[in-house]
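The values are calculated or read from the model by the stated rules, or taken from the named source; none is laboratory data. Remember, predicted model here, so these are calculated numbers, not experimental data. For neighbour counting, all protein chains shown are included, and Cβ atoms are generated from backbone atoms with ideal geometry for every residue, glycine included. Keep in mind that these areas ignore ligands, DNA and RNA; they rest on the heavy atoms of the full protein, side chains included. Shrake-Rupley method; radii C 1.70, N 1.55, O 1.52, S 1.80 Å.
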Amino acid sequence: MAKSFEGNLIGTGKTFAIIVSRFNNFITKKLLEGAQDCLVRHGTKENDIDVFWVPGACEIPITALRLAKNAKYNGIICLGAVIRGETPHFDYVSSEAARGITEVGLSTGIPTIYGVIATDTLEQAIDRAGARGGNKGAEAALAALEMVNLFDKI
Ligand code: INI
């Protein structure tokens, strides 16, 4: 019979870096709270979570790369908010952030999770930062926990 593998959501003994962009920080602060709360509730020690602030979503990938090469963290969580209504170059900022974050994971092998909200409106961003649409930061933390635990089994 085929063997099946999946990661559980245990944060005990795991270390995480959270990169968070200051741009739209009234939203990203909420994403950060959601991610930290999720990790701690799943057993990660507060001391094992380091937070790195960057100016905007464009600076997330290079920071993730630096941290991934440092090999200190089991997982890296990238948080940001790009809002179309207020961003003429929305498509460029959001797609480069997504591409760069994915590339860091592929090139380093460290689970590097995309938790950047890209929305048409401010209201949609608020919804995904802890209101009706849940909290994208907490979702990103769950994905990080799952991937880190899955990689332990590979
Ligand atoms: N950065 C964001 O994180 N979100 C945005 O909506 C945004 N807008 O609107 O432009 C944004 N721009 C800044 C960019 O990420 C860089 O910090 C800046 O270009 C300096 O490199």
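Using the structure shown, decide if F5 is open to solvent by 60 Å² or more (accessible area, probe 1.4 Å), of a type in the set (F, W, Y) and away from the ligand (no atom under 16 Å from the Cβ). Talk me through it step by step, then tell me what you get.
Numbers: open to solvent by 60 Å² or more (accessible area, probe 1.4 Å): yes; of a type in the set (F, W, Y): yes; away from the ligand (no atom under 16 Å from the Cβ): yes.
So F5 fits the description; yes.
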I'm told K14 meets every condition in (1) within 16 Å of the ligand (Cβ to nearest atom); (2) in contact (Cβ under 8 Å) with a residue 60 or more places away in the chain; (3) basic (K, R) except one. Can you identify the failing condition by its number?
(1)
Within the set of pairs 6 or more residues apart or between chains, which connect a residue that is more than 19 Å from V20 (Cβ to Cβ) and modelled with pLDDT of 95 or more inside the range 97-126 to a residue that is part of a strand (DSSP E or B) and polar (S, T, N, Q) with Cβ atoms less than 9 Å apart?
E103/T112; L106/T112
Being more than 16 Å from the ligand (Cβ to nearest atom), open to solvent by 20 Å² or more (accessible area, probe 1.4 Å), in contact (Cβ under 8 Å) with a residue 40 or more places away in the chain and not acidic (D, E) is the filter here; which residues of the range 37-72 pass it?
H42, K72
Which condition breaks for L145 when tested against (1) out of contact with any Pro (no Cβ under 7 Å at 6 or more places or on another chain); (2) open to solvent by 30 Å² or more (accessible area, probe 1.4 Å); (3) outside any loop (DSSP other than H, G, I, E, B); (4) in contact (Cβ under 8 Å) with a residue 12 or more places away in the chain?
(2)
